[in-house]
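Okay, so here's the structure we're looking at.
The values are calculated or read from the model by the stated rules, or taken from the named source; none is laboratory data. These numbers were taken from a predicted model, which means no experiment stands behind them. Virtual Cβ from ideal backbone geometry, glycine too; neighbours counted across all protein chains shown. Accessible surface areas use protein heavy atoms only, side chains included; no ligands, DNA or RNA. Shrake-Rupley method; radii C 1.70, N 1.55, O 1.52, S 1.80 Å.
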Amino acid sequence: MCRRRDDGTLIVQQDNQWWDQIVWAVAAWQHYLTTGDRDFLTDACQAAANTVRADRSQHFNEKYGLFEGPAFLQDGIAGYPSPPYDPGNTSSFVLDHPGADRMMCLSTNCLFHAGYLACAEMADETGDRRAAAGFRVAAARLRAAINTHLWRPGAGSYGYFIHGTGERAGRLETYQEANGLAFAVLCGVASRQQVRAVLDSTHHEPHGVVNVWPHFSRFDDAHPGRHNVIVWPMTVGMWGHAAAVGGRSDLLAQAVTDIAGLEHRDGHFWEIHNARTGAVDGGWQTGQQWGSEPDQTWSATGYLRLIHRGVFGIGHERDRLRFTPRLPPGWGPVTLRDLPYREATLDITLTGAGHRVVSSTVDGHRSATVPADLTGRHRVRIELA
């Protein structure tokens, strides 16, 4: 994922899907919080900072204050209306269609906001306070730009993307992008009021939230677009986690139930499902129906995210675990067993329901957190009301 430049410094590999590169910075900071690996942190800080600076120099629209490039996960042209989709172009890759490189998308810009903050945290941790301050200023400016240009006050939601070129330059497409809406919550872009509005207004199909809603004109229920009105379990996982962060245990429960209902049919975590029937379905793109691959890691980890980060509310900090669980009514008591945390193994039990912690103990002793220096097996019990 990383390479050394001619000057010997690290950078995330520079390929033709630059809009996905900043995800690495967010993951790298999370990896450090999980493991405490300071050697990794040193390299990660350098790689992440170089990457965000390179992307800004090459793919930043100064007029709007937004990053250009397609949306997270949406590397197939089925994820976009026309334009940028060119009906005469048979390529499925988004950048082969004119203007796609100049779009300014919700999900991508939310991730860059999170990337800036991750770079700031890493810089702080390595002692570079000046760099950390610069990254936080950049994050604040990007957050303001997202809310200025992509927020739709009348709809209580964000738009999908702004055209950057052509006769529609400057026009906001108002489709709902589920990953983008989830990231607006998870990446700290949306205010509390905006979070409530987004969670209230996002469309849900019978088997989960879909990548983009509604159908583009060339698709319909019988021929759903591969990146349009169709269910990717990873997207449902992101959305459900956002619901948990936003205090909507009902929507978290719906997301868990949606993925469990899809993937427990035959023991596989499939890549994509039909949003209306739940059937394994790769969707339509460039005039043909595509396949849906089995045993997809990101589908499985999307589900684990709902359990670990959503239901159990596990949050990694520099020197401890902190819990903000949300247990839907009727689900408890529930136990997560054999969870590895650095040199320890945890069994975590939730009782009651809701999100207000009445009691929290570690091995029977009152404690709201699990310190990072524990070793061996330990029991965490949290009572909710």
### Message
Can you compute the label reach from A155? Point 7 Å from Cα along the Cβ direction, backbone N cut-off under 15 Å, restricted to segment 37-81.
### Response
80-81
### Query
What is the extension gain from S359 to R38, computed as 0.36 nm multiplied by their sequence separation minus the C-alpha to C-alpha distance, in nm to one decimal?
112.2 nm
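Are there DSSP H segments in the chain that both extend 15 Å or more along their axis (alpha-carbon positions) and score a mean Kyte-Doolittle hydropathy of at least -1.0? List them, or say none.
Working: long enough: 23-35 (18 Å, 0.49); 38-59 (31 Å, -0.80); 106-125 (29 Å, 0.40); 129-149 (30 Å, -0.03); 233-245 (18 Å, 0.80); 249-263 (21 Å, 0.64).
Once both thresholds are applied, what remains is 23-35, 38-59, 106-125, 129-149, 233-245, 249-263.
What is the extension gain from Q58 to N16, computed as 0.36 nm multiplied by their sequence separation minus the C-alpha to C-alpha distance, in nm to one decimal?
Numbers: separation 42, 0.36 × 42 = 15.12 nm, distance 1.22 nm.
Separation in residues times 0.36 nm, less the Cα-Cα distance, equals 13.9 nm.
In Å², and per residue, what accessible area does the chain have when probed at 1.4 Å with the other protein chains present? Write out the running numbers ahead of the final one.
Details: 16610 Å² over 385 residues.
Here the per-residue accessible area is 43 Å².
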### Query
Tell me, what is the percent relative contact order of segment 294-385, built from C-alpha pairs under 8 Å that lie six or more residues apart?
26
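Between R377 and V137, 0.36 nm times their residue separation minus their Cα-Cα distance comes to what?
Working: separation 240, 0.36 × 240 = 86.40 nm, distance 4.22 nm.
Fully extending the segment from R377 to V137 adds 82.2 nm.
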#### Entry: Relative compactness, segment 163-297, computed as alpha-carbon Rg over 2.2 N^0.38 Å
1.08
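Ignoring ligands, DNA and RNA, what percent of the 1.4 Å accessible area of segment 83-128 is carbon and sulfur? Could the numbers behind the result be given before it?
Values: 660 of 1440 Å².
About 46 percent, which is the carbon plus sulfur part of the accessible surface.
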### Query
Considering the chain as a Gaussian network with a 10 Å cut-off on Cα pairs, which listed residue, F219, F40, F72, attains the greatest mean-square fluctuation?
F40
### Message
Amide H of D220 versus every other amide H placed in the peptide plane: which residues, excluding those fewer than 5 positions away on the same chain, fall under 5 Å?
### Response
G225
### Query
Of the labelled options (i) 120; (ii) 171; (iii) 147, which one gives volume of the Cα convex hull per residue in Å³ as computed for this structure?
(iii)
### Query
To the nearest 10 square angstrom, what accessible area does L339 show with a 1.4 Å probe?
20
